[in-house]
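K.L.:
Submitted below is the structure of interest, expressed as structure tokens.
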Amino acid sequence: MPELHHTTPAVEWNNREKIFFRFFFIYFLLQVVPLDPTYFSSINWTQLHYGDIFNIAHYYPRLGWIIAIVALVGAAIWTYTDRDKRISYDRLYYWIRVAVRYRLAIALFAYGFLKFYPLQAPYPSLSNLNTYYGDYTRWKLFSLSLGIVPDYQSFLGLVEIITGGLLLYRRTASVGAFIVLIFTGNVFVSNIAYEGGEQVYSLYLITLALFVLSFDLKRLVQLLILQKPAFPNRFHVTLTKNWQRYGRLALKSFVIFFFVLAYAFKLSMSQTYQFPSTAGLAGAEGIYNVTQFSRNQDTLPYSKTDPVRWQDVVFEKWATISIRSNRPVIIDSNNTERVSAVENDRTYELEGTAGRHYYSYDVDTLKQVLTLHNKNKHYKGEQLVLHYSRLNDSKLLLSNDSLYVVLDKIPKKWLLEEVAREGRRKSIKL
Amino acid sequence: MSVIETVLQQDARTTTAPNPVDAWKPWHKVLFRIAFIFFIAICIPNSTEWYKLVLNIDWTHLHYRDLYDIARFGSGINLFGDSIFGSNLLGYANWITTAIIAIAGGFLWTAIVQWRKTEREEYNVMYYWLRAIVRYRAGIGIIGFGFTKLLPVQMPYPSLGILNTNFGDLTAQKIYWLSVGIVPWYQIFAGVVEITAGSLLLFRKTTTLGAILLFAALGDIVYVNFAYDGGVHVYSSYFVLLAAFLLVNDLPKLYNLLILERYTVPVNFYPDFSGWKKYTRFGIKAATLFVFLGWFFYLQLINFLYDPYKQPSVAGEKELRGNYTVTEFRLNNQVIPYSPLDSVRWQEATFEDWTTFTFRVNRPVFLDLSNGGGDPQRDLNRTFEVAGVGGGQRVFHYYADPKNHVLYLQDKFKANPERRNRAAGVGGDGGTARNLKTDSSLAATAALPDNWIPKEIWQDEVNRIDPRAASTRRNREFATAKNNEKRNRMILQYDTKDGNRIILHGINENKDSIYVVLDKVQRKYALSESSLKAGKY
């Protein structure tokens, strides 16, 4: 600590400042402290999955207006009853800013690490690559576009993690908050533009960042815009009792251990949570042309417009089959971040997309039977039982009482991948 | 709570403001001399081409690209070429050369000053002017860059042909640009950010804010360009570099105030602006604001409304527009049934709102992997719809003869595209020197004679857009256009009653006769359209 310590009071707060402060104190306290009982009960505390840590960090009260009204009433009562002149507003400001800083930092770590280990937007599946551009919603295209460049995703994650780190320290908090404004400001606008589902949450983070930055805003304007001398922060809290010092150390260590180290470790050990991890039919991964398609002994010719005839079929590496046909798809338009440990809830591959029908399947290798379940929540219960046989390495036959489908693997080369390998400077024939 | 609050009361007088003139240490001066040479060199155009272009601008019939060209130029010392030991270091070689010369020059300058004992105290004046030059260079440059986003034409909304292309059949670069193109309002937001940053740089008091904004926004764009192979990494890094230089002045102050928590006195040296200097300064500033904010906005608006630069501007035949299935296809009177694997038969076809016809065939062809940029005035050379698109998509420009129901079609793919962004020099976003080196064996087979399109069909093309979008630049390019490029050519007769069924027949690019029946399909896209659309068709 510098030597220039005096115990003289800092600049006096005037009444107007106090009234504003009382409102913001109550408002932000309610914003950052989880009071929702379901929030605690929804987490499996004994077997913590990284998704749980994410969900803990992703908390925000869904009652913005009510909180504002409560804060308004609270501030009024507080103002009316405020006879105790000994309350140090500097001290209250200090502590509420600590709470908001930590809340914000945790939020940034939560998303930052999902991006740093590029899990949030995975590289597109084979089915995703084989879907028309126009068959995606905006939000899905945003996610897929990020998914093709894992390095860039890691970079964005790193920016968030560093920003979170800056927020954990009082002296760098305003710099961190300013970066949040730029970064999350962009996320907020993107969410509106791409019809993503996180605009409320990102706006919530922006308000927290504004509050953190407001502490230094006046002196920054003074120094940079008005180009006049500026006073630094002059209020410091010195913890004297052991329990205070250790308490502070323990809390800070806990945040770093739980939301940074443990979380990062668990994430680094996992594969993408967006796609299922159950292996699919061995050796079947690929894109297949539907060479022959008969229904009830009636052979249907190739058609782009027929809602019944399949056009092509993709076997993913995992147990998903997707079928392209002209049968309309009711789009599963979930677009909020869900980190799910349960395989069946992993529906990223089909969210926000039309053009293909997605099925998860079970394989009975003895009877050579595939049991397909439509993954889309709008087609719950749709099931297909198909006998499969391999005619040769690249030919598959799927059949049951009414269907008879011959699939031929297509040796498809994707321009996306060819150019990623060769670069755009060479001439490519494809 | 037994917490002791200690209040740090620091006396302003204990931290004396450094005298602006005394503050320069010898090593400051050496660094400054190096920076001076370096930043002057990269703030002025280095090719005679730019000067020629700018001198030839017709200010009475301006095109937005004229101002864009003023704002965008190649710079740095390139007397020894743009590579070091044969490598252009991803395009940064020119910076390294400039830096080496600046370092040598800085030391030489120092030596001369010490030898002649002519060291002056007026470094603050020179530093002020160096910062002023960099501020204006960065400000004008980023404003020029930002306007094509503010009125969203830089990344167009995908054409029908692209909407019908598989995601994996696009290059990464294309995917990124499309991902901005599908949300014009977001593109506007990006333009607002860039123009705001640029405008803030034009004022001394808001320079820091502008520089931070520029640094953050363009830093991201640099990374994007590397990640998606966008090709504009050097030009975006350029702004990051200029912004970083401008921030050097303020970072110590911020560090002092926020991290060290010390009383901070800003030291900003401003030269004397009184008398005629005051008016000159005001005049230059006002002219810059008027030309690069006001006039530029107007020209860009005209471009957005009537002539979006990456998208063809001439309207297509009204009754032909839409998505079609290829119901019947005959090649030399032989019916070929539909199969997605057939290497001759067309699969789906589209007529865009403008003069473009696309269809898909399952046969490999050479692809245009550029970013489809530049500023071609002729629709035939506006290649955004074909650039970076694979999956068997064929894209043809057509001239229609509505009287005789004939379409004259030319392949938009060209092995050796025109040179683009001439003012920008090396590091331009497409079609510069590297495209000229493309393998010449890609040349198409032009099966039809050179005078295959009657003159009356194409001759007044230059005037087929709204007269408000006319410009000398457009006239000049049309006047010098080549008419006999080797491209794939087709002449097709079209018959339709209402556009629901179109019959095309004639000669294709291989001189085979084709007969094609197209039936309109209403494709419902999951991708929502924006209310904001460029062009008038």
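K.L.:
Of A:Lys367, A:Lys375, A:Lys395, which is the most mobile in a GNM of chain A whose springs link Cα atoms less than 10 angstrom apart?
P.N.:
Fluctuation is largest for A:Lys367.
K.L.:
Next question, about the same structure. Going by a ≥ b ≥ c, the root eigenvalues of the Cα gyration tensor, does chain B fall in the rounded group (a/c under 1.5), the prolate group (a/b larger than b/c) or the oblate group?
P.N.:
Prolate shape, in that a/c is at least 1.5 and a/b is the bigger ratio.
K.L.:
Can you give the accessible area per residue of chain B, in Å², using a 1.4 Å probe?
P.N.:
Value for chain B: 43 Å² per residue.
K.L.:
At R0 = 30 Å, how high is the FRET efficiency between A:Ala99 and A:Asp345 if r is their beta carbon distance? Nearest 0.05 is fine.
P.N.:
Here the calculated transfer efficiency is 0.40.
K.L.:
Then there is this: Show that you can apply the helix-only estimate: for chain B, add -39,500 (n - 2.57) for every DSSP H stretch of four or more residues, divide by all residues, and state [θ] at 222 nm to the nearest 500.
P.N.:
Calculated at 222 nm, the ellipticity per residue is -11500 deg cm²/dmol.
K.L.:
Mind checking B:339-348 for the average number of partner chain beta-carbons within 10 Å of each residue's beta-carbon?
P.N.:
Counting other chains' Cβ atoms within 10 Å and averaging over B:339-348 gives 2.
K.L.:
May I ask for the distance between the Cα centers of segment A:362-404 and segment A:105-121, given as a whole number of Å?
P.N.:
When both Cα centres are located, 37 Å separates them.
K.L.:
Highest mean first, what order results for A:340-347, B:295-302, A:174-181 on Cβ atoms within 10 Å?
P.N.:
Highest-to-lowest ranking by the protection proxy: A:174-181, B:295-302, A:340-347.
K.L.:
Among rounded, prolate and oblate, which fits segment A:225-379 when a ≥ b ≥ c are the square roots of the eigenvalues of its C-alpha gyration tensor, a/c under 1.5 means rounded, and a/b larger than b/c means prolate?
P.N.:
It is prolate, given that a/c is not under 1.5 and a/b is the larger ratio.
K.L.:
Rounded to a whole number, what % of the accessible area of segment B:339-396 do carbon and sulfur atoms account for, probe 1.4 Å?
P.N.:
54 percent
K.L.:
Taking every residue in B:187-194, how many Cβ atoms of other protein chains lie within 10 Å of its Cβ, on average?
P.N.:
Taking all residues of B:187-194 together, the mean is 2.
K.L.:
For A:Val385, what residues show an amide H to amide H distance below 5 Å, using hydrogens built from the backbone and excluding near sequence neighbours?
P.N.:
A:Leu372
K.L.:
Continuing with this model, one more query. What net charge do the residues around A:Gln311 carry, taking every other residue with its C-beta under 12 Å from that of A:Gln311, with Lys and Arg at +1 and Asp and Glu at -1?
P.N.:
That sum, taken over residues with Cβ under 12 Å, equals +2.
K.L.:
Ok, one more. With every protein chain present, what is the per residue accessible area of segment A:264-337 (1.4 Å probe, Å²)?
P.N.:
Accessible surface, normalised per residue, equals 44 Å².
K.L.:
With all protein chains present, how much of the accessible area of segment A:66-142 (probe radius 1.4 Å) comes from carbon and sulfur, to the nearest whole percent?
P.N.:
The computed percentage sits at 70.
K.L.:
Next up: At 1.4 Å probe size, what's the solvent-accessible area of B:His405? Round to the nearest 10 Å².
P.N.:
Surface accessible to solvent at B:His405 totals approximately 60 Å².
K.L.:
On to the next question. In Å², and per residue, what accessible area does segment A:16-62 have when probed at 1.4 Å with the other protein chains present?
P.N.:
55 Å²
K.L.:
Separate question: For the peptides A:289-296, A:74-81, A:352-359, what is the packing order when you average, over each peptide's residues, the other Cβ atoms within 10 Å and list the highest mean first?
P.N.:
A:352-359, A:289-296, A:74-81
K.L.:
³J(HN,Hα) across segment B:449-465 via Karplus (A = 6.51, B = -1.76, C = 1.60, θ = phi - 60°), whole Hz, x for Gly/Pro?
P.N.:
Result, rounded to whole Hz: x, 5, 9, 6, 9, x, 4, 5, 6, 10, 5, 9, 4, 4, 9, 7, 10.
K.L.:
If you don't mind, there's one more thing I want to ask. Around B:Leu299, with a cut-off of 10 angstrom between Cβ atoms, what is the net charge of the other residues, counting Lys and Arg +1 and Asp and Glu -1?
P.N.:
Every neighbour counted, the sum reads 0.
K.L.:
Could I ask something else about it? Pull up all non-local amide H partners of A:Ser325: gap of 5 or more, or a different chain, and H-to-H distance under 5 Å with H placed in the peptide plane.
P.N.:
A:Gln311, A:His357
K.L.:
Okay, next question. Give a residue-ordered list of calculated ³J(HN,Hα) values for segment A:324-339 (Karplus: 6.51 cos²θ - 1.76 cosθ + 1.60, θ = phi - 60°; whole Hz; x for Gly, Pro).
P.N.:
8, 8, 8, 6, x, 10, 7, 6, 7, 9, 4, 9, 9, 6, 10, 9
K.L.:
Separate question: Can you run phi through the Karplus equation (6.51, -1.76, 1.60; θ = phi - 60°) for segment B:83-92 and list ³J(HN,Hα) in whole Hz, with x for Gly and Pro?
P.N.:
Values per residue, Gly and Pro as x: 9, 10, 6, x, 10, 8, 6, 6, x, 8 Hz.
K.L.:
Summing Lys, Arg as +1 and Asp, Glu as -1, what charge do residues with Cβ under 12 Å from the Cβ of A:Lys413 carry, A:Lys413 excluded?
P.N.:
-1
K.L.:
Please compute how much accessible surface disappears when A pairs with B, both sides summed, using a 1.4 Å probe, and round it to the nearest 100 Å².
P.N.:
Its buried surface, counting both partners, is about 8100 Å².
K.L.:
OK, next. Give me, ordered by chain and number, the residues 5 or more places off A:Phe235 or on other chains with an amide H under 5 Å from its own placed amide H.
P.N.:
For A:Phe235, the qualifying residues are B:Leu8.
K.L.:
Using the eigenvalues of the Cα gyration tensor, what equivalent ellipsoid semi-axes result for segment A:133-254 when each is taken as the square root of five times the eigenvalue, whole Å, largest first?
P.N.:
35, 21, 13
K.L.:
Follow-up question, since we're still on this one. How large is the convex hull of the C-alpha atoms of segment A:104-181 per residue, in Å³?
P.N.:
Looking at segment A:104-181, the number lands at 83 Å³ per residue.
The values are calculated or read from the model by the stated rules, or taken from the named source; none is laboratory data. Just so you know, these numbers come straight off a predicted model, no measurement behind them. FYI the Cβ positions are ideal-geometry reconstructions off the backbone, even for glycines, and counts take in every protein chain you see. Surface areas here come from the heavy atoms of the whole protein model, side chains and all, with no ligands, DNA or RNA. Shrake-Rupley method; radii C 1.70, N 1.55, O 1.52, S 1.80 Å.
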